[in-house]
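Chemist: One structure, pasted below without further comment.
The values are calculated or read from the model by the stated rules, or taken from the named source; none is laboratory data. It should be emphasised that the depicted structure is a prediction, and the values quoted were computed from it without experimental measurement. When we count neighbours, we look across all protein chains shown, and the Cβ atoms used for this are built from the backbone with ideal geometry, even at glycine.
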Amino acid sequence: MILIKLAYKSLLNRRGSAFLTLFTIAISVMLLLSIERVRVDAKSSFSNTISGTDLIVGARTGDIQLLLSSVFRIGHANNGVSWQSYQYIKQQRGVAWTIPLSLGDSHKGQAVLGTTLDYFTHYKYGKKQPLNFSQGAAFSHLNEVVIGSEIANKLNYQLGDKVVISHGMGNTSFHHHDDNPFTVVGILKATGTPVDKTLHIPLAAIELIHGGGHSAESEHDHDHDHDHDHDHDHDHDHDQHEDLTGEPKQITAFLMGFDSPLYTLQVRRNINQYKPEALLAIMPGVTLRELWEMLSIVEKILLLFSSIVVLVSLLGMLTTLLASLNQRRRELAILRSVGARPWHLFSLISIESLLITLLGCLLGCGLFYTLMSVTAGLLQSHGGISVTINMLSHYELMLIGAIMAAGFIVGLIPATRAYFYSLADGMSIKI
Amino acid sequence: MITLNNVLFKWHKQQAKPTLSIQTLKIADGEHVFLHGPSGSGKSTLLSLLAGINIADSGSIKLLNTNLTALSNRKRDVFRSDHIGYIFQNFNLLPYLSPLENVMLGCQFSKNRQRKALQQSASLEQEATRLLNALGLTNEHHQQSVADLSIGQQQRVAAARAFIGSPELIIADEPTSALDANNRTAFIELLFAQANIAGSTLVFVSHDTSLQSLFNRTISLTALTEQAA
Ligand SMILES: Nc1ncnc2c1ncn2[C@@H]1O[C@H](COP(=O)(O)OP(=O)(O)O)[C@@H](O)[C@H]1O
Ligand SMILES: [Mg+2]
């Protein structure tokens, strides 16, 4: 007890250098925790991007390339899946639902996705959460658009606003279709996934933008059941029955769900060996994990660097303690004269280094939470990473434990030196 | 109280001449002994042997009928904190403790002395206050920063720390070197008064022989060493 009090008062007496040391440790702890938290949250945001989808099918490219283009809207799929192949595959046994995806167009640099109403019922993210509307509902006419939450926020769109879709990607597209704007009829709730940054229009409308296809009036029976389902929801549309799917020549990719997971592997094999067209079917969960593995080198380097920063800060503490020790030999001799054993002096210096590390860690946690609450919004809007501000995880506590242990071990060096000083100096020390 | 027989001590094994060699030295209970010798003659070294900080290479050192050389390191540390109060030449106090805390530090490592201090006063703090006042340091200085005290005041705090818990032996290693002549005498008289009240033996070391008239016994370290040679 007396030793803790002595260590504390002695540190307070040297508060200038002690606080600097403590602050360096705090900064390094904050850095380590922040990197760790962002890493974990990035990983979970990442693996929560899509769920409940058993297969993603597209033209034969790489697994990761298909995942990136169909789910993350990154990169461009040159080839697609022909409509005939899509129709054939969706009638396979065990297929519960399919969602056709047609990508490649944009609005002010944001991705436009042509799809069917199934998207709003079967697409899941996170822990199998469906998409929800914060305002409005799904499209029911060819010239209607459903926008993600971030699009609504960023571009300040409300229900009823008119939106012009351009052909191709990029802000400066020459093909504006001012004559045929889309009306915002639905705004989705935030998901923390690329859905937030997407404009959704009926699949048939994509054809119209590209000048091909057919008019809204042309009727097709092949998808009649499906349309019928939705007309129940939109009774007021009964008089004006539009085909929202159309019959495009090809789509970019499609998502599949099965009645039972047993079908997944079998259908996947069939698709990968499908003769008429070179197709690729991937299981999103598996490919997401592969993709994360590729990114994990970055995460390891980040962790390595922040560990080095922690180490450097602890070495700073070592330097400070060792430098002060020489000036404190008189202090140690006085303690010896009142009966302190060399072992007490060893403990005293150890307690000092532990106190510095402990306070450094506590301050570091404080700084970490401050940083997180300040930057949470930025990370969400710029990085798409939803940072969770909650208690430290087991792993984070372990990291702090490791820092404390390292601080203790580093502190053993000056403590040992104090031990031997006290043996060698006796009380006849001349400074 | 103290008995030394054929004591030899070297700081380094390879030293040709021992730092200390003393054939016999006896100091009785309650004596106020003035031990003098020139700088570097080994006065502090002898005191560190008496305090059990260092051990003699040969010979025996007995304090209160306990043979220090026979004790384990740990037991010697306990023995010191129980029975010896130590006053240094200067830089006596821990700068980060108040004068009062510095005084209480004197019995922090000894149950024995805590018990004795509590026989005098209701609490350690009260006993420390009492001693400081007895040594002429008034209450207003008790919580003040140690650095703001004069050297004379600092030595009074150091003396109070040595006396707390009434140890049998008080060792003072040139405590007056930094004081002016008037303060020197006043300080030594305060030491004597306290030593008499507590019944402590006092071993006072100095190179300044002008102080020896105040003591009832004077020992020259040079004479002791020559006698052995
Ligand atoms: N810690 C030490 N290590 C090695 N030699 C020491 C140490 N302390 C003192 N000495 C040596 O022992 C001798 C006596 O020193 P000391 O006892 O301090 O003399 P005094 O107190 O009489 O001035 C000196 O030669 C000194 O150099
Ligand atoms: Mg000396």
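Chemist: Please enumerate the residues belonging to the stretch A:344-357 that are more than 8 Å from chain B (Cβ to nearest Cβ) and touching a residue at least 60 places away in the same chain (Cβ under 8 Å).
Modeler: A:345, A:346, A:347, A:348, A:349, A:350, A:351, A:352, A:353, A:355, A:356, A:357
Chemist: So, one more: Only one residue in A:294, A:317 is part of a helix (DSSP H, G or I) and surrounded by fewer than 18 Cβ atoms within 10 Å (Cβ to Cβ). Which one?
Modeler: Of the residues listed, the single one that is part of a helix (DSSP H, G or I) and surrounded by fewer than 18 Cβ atoms within 10 Å (Cβ to Cβ) is A:294.
Chemist: Follow-up. Need a quick list: helices (runs of 4 or more DSSP H) entirely within the stretch A:9-112 having at least 2 residues that are assigned by TED's automatic domain parsing to the domain that holds residue A:407.
Modeler: Qualifying helices (runs of 4 or more DSSP H): A:15-47.
Chemist: Residue A:366 - would you say it is out of contact with any Cys (no Cβ under 9 Å at 6 or more places or on another chain) and more than 14 Å from chain B (Cβ to nearest Cβ)?
Modeler: It is true that residue A:366 is out of contact with any Cys (no Cβ under 9 Å at 6 or more places or on another chain) and more than 14 Å from chain B (Cβ to nearest Cβ).
Chemist: Scanning the stretch B:1-13 for residues that are within 16 Å of ligand 1 (Cβ to nearest atom) and modelled with pLDDT of 90 or more, which turns out nearest to the other protein chains (Cβ to nearest Cβ)?
Modeler: Going through the qualifying residues, I end up with B:9.
Chemist: Within the stretch B:208-215, identify whether any single residue is more than 16 Å from ligand 2 (Cβ to nearest atom), in contact (Cβ under 8 Å) with a residue 12 or more places away in the chain and not in a loop (DSSP other than H, G, I, E, B), and answer yes or no.
Modeler: Yes - at least one qualifying residue is present in the stretch B:208-215.
Chemist: Which condition number does residue B:106 fail, the rest of (1) within 27 Å of residue B:150 (Cα to Cα); (2) buried (at least 23 other Cβ atoms within 10 Å of the Cβ); (3) within 14 Å of ligand 1 (Cβ to nearest atom) being met?
Modeler: Every condition holds for residue B:106 apart from (3).
Chemist: Any residue at all in the stretch B:38-48 that's of a type outside the set (A, V, I, L, M) and over 17 Å from residue B:204 (Cβ atoms)?
Modeler: Yes, there is a match, as at least one residue in the stretch B:38-48 is of a type outside the set (A, V, I, L, M) and over 17 Å from residue B:204 (Cβ atoms).
Chemist: Six or more apart or on different chains, Cβ under 6 Å: which pairs go from a residue in the stretch A:327-338 that's facing chain B (nearest Cβ under 7 Å) to one that's surrounded by 23 or more Cβ atoms within 10 Å (Cβ to Cβ) and small (Gly, Ala, Ser)? Could you list them?
Modeler: A:336/A:422; A:338/B:106
Chemist: Identify, by number, the condition in (1) farther than 30 Å from residue B:16 by Cβ; (2) in contact with a helix residue (DSSP H, G or I) (Cβ under 7 Å, 6 or more places away or on another chain) that residue B:55 doesn't meet.
Modeler: (1)
Chemist: Considering only residues that are polar (S, T, N, Q) and within 20 Å of residue A:401 (Cβ to Cβ), look in the stretch A:22-48 and name the one that is farthest from the other protein chains (Cβ to nearest Cβ).
Modeler: A:34
Chemist: Residues that are without any contact (Cβ under 8 Å) to a residue 24 or more places away in the chain and within 14 Å of another protein chain (Cβ to nearest Cβ): list the helices (runs of 4 or more DSSP H) wholly contained in the stretch B:19-114 that include at least 3 such residues.
Modeler: Hits in the stretch B:19-114: B:73-83.
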